[in-house]
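Each value in this text was obtained by applying a stated rule to the coordinates, not by laboratory testing. Computed from a predicted structure; not experimentally measured. Ideal geometry is used to build each Cβ from the backbone, glycine not excepted, and the neighbour counts take in all protein chains shown.
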Amino acid sequence: MRRLGPRIEERAARTVLWTLTLITVAILLFIIFFILRRGLPAISLEFLTANPVDMGKSGGIFSTVVGTIALTALAILIAAPLGIGTAIYLTEYTWGGPVTRVIRFGAECLAGIPSIIFGLFGFILFVTKLKFGWSILSGGLTLAFMLLPTIIRTSEEAIKSVPPAYRQVGFSLGSTKWQTVTRIVLPSALPGIATGIVLSVGRSLGETAATIFTAGSALRMPTSLFSSTRTMSVHFYILAREGISAPNAYGTAAILIIAILGINILTYYLMNRFIRRFS
């Protein structure tokens, strides 16, 4: 069989890759367009500022927005310091020993666990054993465990990407290990670390299985960490599954998509400004 020339192979490979990329982008755009086309007509100021009425059949989604923000903020506040601290320890204070391998293996195992298993774990530990009940605290702690692997892996890779010369310059100027890490390494790795946090925020916003097990599905406005709440993803799921209100379900989904896109675009813009300023 006659073999194709290098130029023809290169053109064929480029064509195939471009085709696959276009298909992927087309699928993504179709999903976004489909949801926004059905959801945008339901969005209004009243929809955003009013609480759900009659199990969500009418009214707005304000209490679910508050619950989603509270759960996501609590999860990030817990997971980010733990994940970044673990990444610093793995990259700067260990040298590939058994402890490092155990921690990395545990993080990889956590990343592969289905979210519904996290929900069951959170329900047994936080809701039942620790008696937090269906609450923002139970949901936030469960989500924090879910987000840890993402933050650890992205932060670790971001810190590894900092050139060793940066550390050597810090040590040559008399800086301690901690000073070099906090004043040189972490600022240089900030874009990658922020990317991991943004990915975690996106996963937290869209999580349903874990939150419905731990935070509940109450439609009332949460007043404390021990209040049960319903996130926007859970609200969308219940409205669509029970056939309560298709317009409100699509409206909630549209708000979720807009929020995730907005967060990603804003973070991308801020990271570019940061890189240009300090490069």
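A few points about this structure:
- As computed over the chain, the Cα convex hull volume per residue (Å³): 220
- Charge dipole of the range 43-278 (Cα centre as origin; +1 on each Lys and Arg Cβ, -1 on each Asp and Glu Cβ, all else neutral): 520 debye, rounded to the nearest 20.
- Residue range of the chain that is longest and free of trypsin sites (Lys or Arg not before Pro) which are both DSSP loop and sparsely packed (at most 16 other C-beta within 10 Å): 132-219
- Rounded to the nearest 0.05, the FRET efficiency derived from the C-beta distance between LEU266 and ALA12 at R0 = 35 Å is 0.35.
- The amide H of GLY59, built 1.01 Å from its N in the peptide plane, has VAL53 as neighbours under 5 Å, considering only residues 5 or more places off or on other chains.
- Bridging of LYS160 to aspartates and glutamates at a Cα separation below 18 Å is possible for GLU92, GLU108, once same-chain residues fewer than 8 apart are set aside.
- Residue (of ALA80, ILE255, THR182) at the positive-pole extreme of the chain, dipole from beta-carbon charges: THR182
- Note on LYS57: aspartates and glutamates with a C-alpha under 19 Å away, same-chain residues under 8 apart excluded, are GLU46, GLU242.
- Of GLU156, GLU92, GLU242, the one that fluctuates the most in a GNM where the chain has Cα springs shorter than 10 Å: GLU242
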